[in-house]
Structures are given as structure tokens and as C-alpha cells.
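Working notes, beginning with the structure itself.
Read the figures in this text as sums done on the coordinates, not as results from a lab. As the structure is a prediction and not an experimental result, all values here were calculated from the model. Here Cβ is always computed from backbone atoms with ideal geometry, including for glycine, and neighbour counts include all displayed protein chains.
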Amino acid sequence: MEILLNPGPVNLSERVRQALLKPDLCHREEEFTILQNDIRNKLLDVYNLSAEEWTAVLITGSGTSAMEAMLISLVPAEGRVLIIENGVYGERLSRIAEIYNISYETLHYDWGEEIQPQDVEKSLTNDISHVALVHHETTTGRLNILDPIAAICRSGNIPILLDGVSSFGAEAVQFDEWNLHACAATANKCLHGIPGTSFVICKRGALQSSAGSQRSLYLDLHTYVEQQDHGGTPFTQSVQSFYALDEALNEHREDGGPAARRELYRRRMALLRRGLEKLGIRALLPENACSCVLNSFHLPDKMEYGLLHDGLKSRGFVIYAGQGGLVKSIFRISLMGAISDDDILRFLTAVEEVIRE
Ligand SMILES: *Cc1c(COP(=O)(O)O)cnc(C)c1O
């Protein structure tokens, strides 16, 4: 089996793979209601959130559907959102706002640059009702530091809508301290489920205060919450993906939750960075600016991405290209999924072989 070092979908553990083989199930039956309720509760448990204040809304779609649902459901018609961009996914948030005609403004940085809290402060004019940004910018591996940004937002009583798609389940997400109204995420990144299910963890009060201006039939969170709270679902859900997510959440909890997963990824990432450094491959960003999930590296001297990719793929490893302007200069390595330290050591040997060739 290939080792996937791309940022999702990830290699599945054997128990998650086996969960896919559970009985065929109709999404209008009691067994589905139980499964859906279990997953919603387990998702809140990941960050110890109270079910009175918070709710997990399950959507059949990739991570982008959760980003889109979050933005279009929670920014009311009269709202205006400040979107902070320092990579592809921040820019995607702006694109969503643009398409749905949501009133917005951007605070733009080049990809990989650090967000400056004083810029956020200056951008928070009176008409801004929400701030939206990405937690871990998978474009470069930069982990945006939320504490100072959230402190500024809190003092203006402005809630944050967070794209936590590539951080949920591993990085620390401080729902209350950061004044989050919502966090969008997916089953198939740090939670180690399969692609097909994404979700938004929402503050119940935020759903109430944004009700009444439906912008989409399929991606309206109010519709989902209303029906999921009564054990139903507005549309067919990906039942097998639910089975896998439920088992992945059991495994996540038994492994020690987000803190344990973070430590595991960090340790692996340190091993990877040191190993690549020995081969003369430099990281794009310093270690303390990066997530534990994914890091970017400069391509080895004079080597095209395609050569490196193909050489590694023939040895059983799938790496990930840079995007846009970074496509010719970097490659990305993610360490999510059911992989081992030994896989990383074998990967380093494979990189050495490909470079030597
Ligand atoms: C992966 C990812 C997404 C969603 O991508 P999909 O291809 O729609 O699953 C959104 N935001 C971030 C930060 C991501 O890493």
C-alpha cells in the first residue's frame, strides 16, 4: 500500500477500514439516528465542548463544503466579514463571499507570511461583524497564531469563523477563549476518517442570531441543525463515511485526543525535518511557525517537482506539490494518517536514492 504524505485523504487504520464494511443502512432508520447522534457527540468531545452551547453539524461533502456552509449560514444579510488571507484557503474564503454576495473586506498577505495583530486591529472598522480566517494554512504549513488576533476581536465583541479543516483533531483549538462562532473541519484529515463527510462546530446562539436569510438550499446549517437535532437529516448522508468517522473518533479518543495526536505528529515532523536537512533539503518556514500536520520544503537543487514525485511514487510514497506561485519551488509533506516512524525513515532513504539518481 502506498504511504500518503499528502494533506488528506490519509492512510486508514485497519479498524477504520473494517468499519466501512458494516451493514447497509437507510438514512431514515433508527440505526442511522443513533450513529449520527454518536458522531455529533463525539465531535464535541474532541475539544470538550458543552452540548448546550455548541453543536456539530454533519454535511456530506469535502472540507470546502463546510467552509462554504459556515460562511453563508453564519454571516447574516446585514453582516460584513473581514477575511484574513495568507494562503490558498484564506483566499478561498473570499471567493465564497464573492460568489454569494456576502459583504466582505480582505486583509491580504503573501502566501506564508505571518498575520500581524496590529493590522487586524486597524482593519476592524465599525461595520465589521465577523472575522474569518484559516487556522493552519495548508498552502505553506504556517499555523496562524490565534491568541493575539482573538484578543483584539474579543475586545470589539467580534466573533471568529475559523477554517480548521487541517488542524481540527491535532492542533489546540480554543473555542471559547478565541470567541469562535464556528469551526469548519473534515473527517479525512487529522481525524483519520475517509473523505465524504465534513462538519461545522457551531455555537447555538450564533445559529439563532443568523437565522432567516437562507443563501443556499444544500449548505444551509440552520436546516441541518433543525433536522439533526430531531434525529433526521435533510439529505442523504454518506453512511459508510459515517461508519468510518465514528470508528476514527473512537480511535482518536483512545489514543489520547488532540494533545496526543499533536505530540505524535510533532515528533514525526522533527524526525522528517532533521532527516531532510541532512540531505540538504531546507524547510520553507522555521519550525516554530509551522503546524505539526504539514511542512513545506524547498525542492532539492535543480530538481523538478515531477522527478522527485515520480521517483518517490515508484518507491511507494505520495508527496504533494506546491500551489500557484510555489509550484516550481516547493513540495509539501503531511504526516497525518495511520503511518509509522519506520515509514518516515524509509521515506528519507527513498529521498536520498532519488536525489542520488
Ligand atoms: C484541505 C483543506 C480544505 C478543504 O479542501 P477539500 O479539498 O474541499 O477537502 C479547506 N481548508 C484547508 C485549510 C484545508 O487544508
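Quote the Stokes-Einstein diffusion coefficient, in whole µm² s⁻¹, for region 178-248, based on the Kirkwood radius over alpha carbon pairs, a temperature of 4 °C and a viscosity of 1.567 mPa s. Please report the intermediate quantities before stating the final value.
Details: Rh = 13.4 Å.
It diffuses with D of about 96 µm²/s by this estimate.
Hey, which aspartates and glutamates would be in cross-link range of LYS313, C-alpha to C-alpha under 12 Å, not counting anything within fewer than 8 residues on its own chain?
GLU2
Among the lysines, which have Cα under 20 Å from the Cα of LYS42 when same-chain residues fewer than 8 positions away are ignored?
Correct list for LYS42: LYS22, LYS189, LYS203.
Measuring from centroid to centroid over Cα atoms, what is the spacing of region 183-246 and region 95-131 in Å?
25
Charges at C-beta only: +1 for Lys and Arg, -1 for Asp and Glu. How large is the resulting dipole of region 134-205 about its Cα centre, in Debye rounded to 20?
Details: 5 positive and 6 negative charges, 35 e Å.
For this selection, approximately 160 debye.
Give, in nm to one decimal, the length gained when the segment between ASN41 and ARG28 is fully stretched (0.36 nm per residue of separation minus the Cα-Cα distance). Don't skip to the answer; put the middle values down first.
On the way: separation 13, 0.36 × 13 = 4.68 nm, distance 1.93 nm.
That pair, ASN41 and ARG28, stretches by 2.7 nm at full extension.
Find the centroid of the Cα atoms in region 1-69 and in region 277-330, then give the distance between the two in whole Å.
Distance between centres, Cα-based: 30 Å.
Return MET269, MET336 ranked ascending by Cβ neighbour count within 10 Å, so the fewest neighbours appear first. Provide the component values of the computation, followed by the final result.
On the way: MET269 23, MET336 27.
By the 10 Å Cβ count, ascending: MET269, MET336.
Could you please tell me the mean projected area of the C-alpha convex hull for region 245-298, averaged over all directions and given in square nanometres to one decimal?
On the way: hull surface 17.1 nm².
About 4.3 nm², averaged over all directions.
Name the residue farthest towards the positive end of the dipole of region 258-347 from the options GLY275, ALA289, PRO300, assuming +1 on Cβ of Lys and Arg, -1 on Cβ of Asp and Glu, about the Cα centre.
The listed residue farthest towards the positive side: ALA289.
Efficiency by 1/(1 + (r/R0)^6): what FRET value for SER329 and THR125, r their Cβ-Cβ distance, R0 = 51 Å, to the nearest 0.05? All intermediate terms of the calculation are to be shown ahead of the outcome.
Values: r = 36 Å, r/R0 = 0.71.
After rounding to 0.05, the efficiency reads 0.90.
When the helix-only estimate is applied to the chain (DSSP H runs of n ≥ 4, each -39,500 (n - 2.57), divided by the residue count), what is the mean residue ellipticity at 222 nm, nearest 500 deg cm²/dmol? Present the calculation step by step, with values, prior to reporting the outcome.
Values: 12 runs with 142 residues, N = 357.
It lands at -12500 deg cm²/dmol.
Only Lys, Arg, Asp and Glu count, each charged at its Cβ (+1, +1, -1, -1), so figure out the dipole size of region 25-131 about its Cα centre, rounded to 20 debye.
Details: 7 positive and 19 negative charges, 46 e Å.
It works out to roughly 220 debye.
Using the number of other C-beta atoms within 10 angstrom as an exposure proxy, rank SER73, SER62 with the fewest first.
Numbers: SER73 28, SER62 18.
By the 10 Å Cβ count, ascending, the order reads SER62, SER73.
When all C-alpha to C-alpha distances in region 280-357 are sorted into bins of 5 Å, what percent of pairs does each bin hold, rounded to whole numbers?
Percent of Cα pairs in each bin: 3, 14, 25, 28, 20, 8, 1.
Sort 114-120, 66-72, 317-323, 7-13 by the packing proxy (mean of other Cβ within 10 Å over each peptide's residues), most packed first. Intermediate values should be presented prior to the final figure.
On the way: 114-120: 15.1, 66-72: 27.7, 317-323: 18.4, 7-13: 22.1.
The packing order, highest mean first, is 66-72, 7-13, 317-323, 114-120.
Enumerate the aspartates and glutamates that LYS328 could reach by cross-link, defined here as Cα to Cα under 18 Å, with residues fewer than 8 away along the same chain left out.
ASP110, ASP301, GLU304, ASP310
Please compute one quarter of the surface area of the Cα convex hull for the chain and express it in square nanometres. Can you show the working numbers first?
Working: hull surface 68.6 nm².
Taking a quarter of the hull surface, the average projection is 17.2 nm².
Could you size up the charge dipole of the chain around its Cα centre, putting +1 on the beta carbon of Lys and Arg and -1 on that of Asp and Glu, and report it in debye to the nearest 20? Spell out each step's value before the answer.
Values: 33 positive and 48 negative charges, 143 e Å.
Computed charge dipole of the chain: roughly 680 debye.
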